[in-house]
Amino acid sequence: MKAICAAILLAIGGLGGPAFAQDKNKAPSADRPLLATFCDAANIKNSACTRARRYPGGKRCDVKLRPDRYSGKFLADGTTLLVVNYQSNCEPHATDFGGSVIFAQKDGVPIFEGYQPGFQVNDCVVVARNANQDRLICITGHMGQGEVESGVAEMVFTRDFSRTIHPSLNFFVTGDDTIGAYGSNVVECKATSKYFGFDKLGAGPARDTVAVEIAHADKDTIETACKKGFPRPEETFGELGDGEAYVPQGYEKKGRFVIDLTTSKAVPEADFAKP
């Protein structure tokens, strides 16, 4: 299939940790101490700031904090961070109409560390890197014109010389779902497997692992597709490339896999403990 330019949609997330007590059903007033770190009191309305200070680009923007958030010792020095989803009318579809606000904590008080348009906390799990640092592992997604590129990645936080915090993504596995773009998922006949999407991320059965449900085509599925053993999708868009075949919706396989965060290798959960 011909590549399609994708607008970026990052989805990163989870539940709050003990350092910042979080409750997705909490009253909006619980967000006021967070909002006060970047918003004048007169501009705070429930969980929203009508005019956020120091917004990227110097724009006059609103920021509404969302329930999705996650906390942990994500910096190398052990500093506890809280990453909170927000929405803003200043952000376009390319950044999912918002991003995340990053806070640090000192003596129980939240400290504003900056906005990160496009990064959102929706599906994450925290695992220990060592005794002093945590890792934030997330399902991420990029979407454009119906094609979804997703993956499981670590959100890595670093400070630069000016003490500004910067997040980046370190991918372990990636997938590509083209049902919305082409009417069906597509595989290359020379491949032995392909991932389409990820769901239900959780802690793994051993240290430095996570577990996730993966929609995929294994070797048998690809061989069946390439021998035209599946029904042709009811409606498709575009043309297959040489050596490509359709895996219609519903004919992919779904299973729980364990991802080794050291090697980036994903294996079926049932096979993880086998020698």
Checklist entry - Looking at the range 235-275, which trypsin sites (Lys or Arg not before Pro) are DSSP coil and have at most 14 other C-beta atoms within 10 Å of their C-beta? => result 265
Item to check | In the range 157-254, GluC sites (Glu not before Pro) in a DSSP loop with at most 11 other beta-carbon atoms within 10 Å | outcome: 234, 235, 239
Item to check | Integer Hz, Karplus 6.51/-1.76/1.60 couplings in order for the range 248-265, x for Gly and Pro | outcome: x, 4, x, 9, 6, 9, 10, x, 8, 10, 10, 9, 7, 6, 8, 9, 6, 7
Item to check | Members of 190/254; 73/219; 73/265; 64/253; 73/200; 64/106 lying beyond 30 Å, as alpha-carbon distances in this model show | outcome: 73/219; 64/253
Item to check | Between the range 148-183 and the range 31-71, the Cα center-to-center distance that results, in Å | outcome: 25 Å
Checklist entry - For residue 160 and residue 244 in the same chain, what is the full-extension length gain: residue separation times 0.36 nm, less their Cα-Cα distance, in nm? => result 25.8 nm
Item to check | Paramagnetic reach from residue 76 in the range 101-145 [backbone N under 19 Å; point 7 Å along Cα→Cβ] | outcome: 128-137
Checklist entry - Which Rg and Dmax, in Å, describe the Cα atoms of the range 143-263? => result 17.3, 59
Checklist entry - Ordered by packing density, taken as the mean number of other Cβ atoms within 10 Å over each peptide's residues, highest first, how do 126-133, 257-264 rank? => result 257-264, 126-133
Checklist entry - Using the beta-carbon distance between residue 236 and residue 107 and R0 = 45 Å, what value does 1/(1 + (r/R0)^6) give for FRET efficiency, to the nearest 0.05? => result 0.15
Next on the checklist: Can you give me the distance in nm between label points at residue 199 and residue 254, each placed 7 Å from the Cα along the Cα-to-Cβ direction?
Outcome noted: 0.3 nm
Checklist entry - Averaged per residue, what accessible area in Å² does the chain show with a 1.4 Å probe, protein chains only? => result 51 Å²
Checklist entry - Give me the Kirkwood hydrodynamic radius of the range 230-275 in Å, from all C-alpha pairs, to one decimal place? => result 13.9 Å
Next on the checklist: Could you work out the percent of alpha carbon pairs in the chain separated by over 28 Å, rounded to a whole number?
Outcome noted: 43 percent
Checklist entry - Per-residue ellipticity at 222 nm for the chain, helices alone: DSSP H runs ≥ 4 residues times -39500 (n - 2.57), over residue total, nearest 500 deg cm²/dmol? => result -1000 deg cm²/dmol
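The values are calculated or read from the model by the stated rules, or taken from the named source; none is laboratory data. These numbers were taken from a predicted model, which means no experiment stands behind them. When we count neighbours, we look across all protein chains shown, and the Cβ atoms used for this are built from the backbone with ideal geometry, even at glycine. We work out accessible area using only protein heavy atoms, side chains counted, and drop any ligands, DNA or RNA first. Shrake-Rupley method; radii C 1.70, N 1.55, O 1.52, S 1.80 Å.
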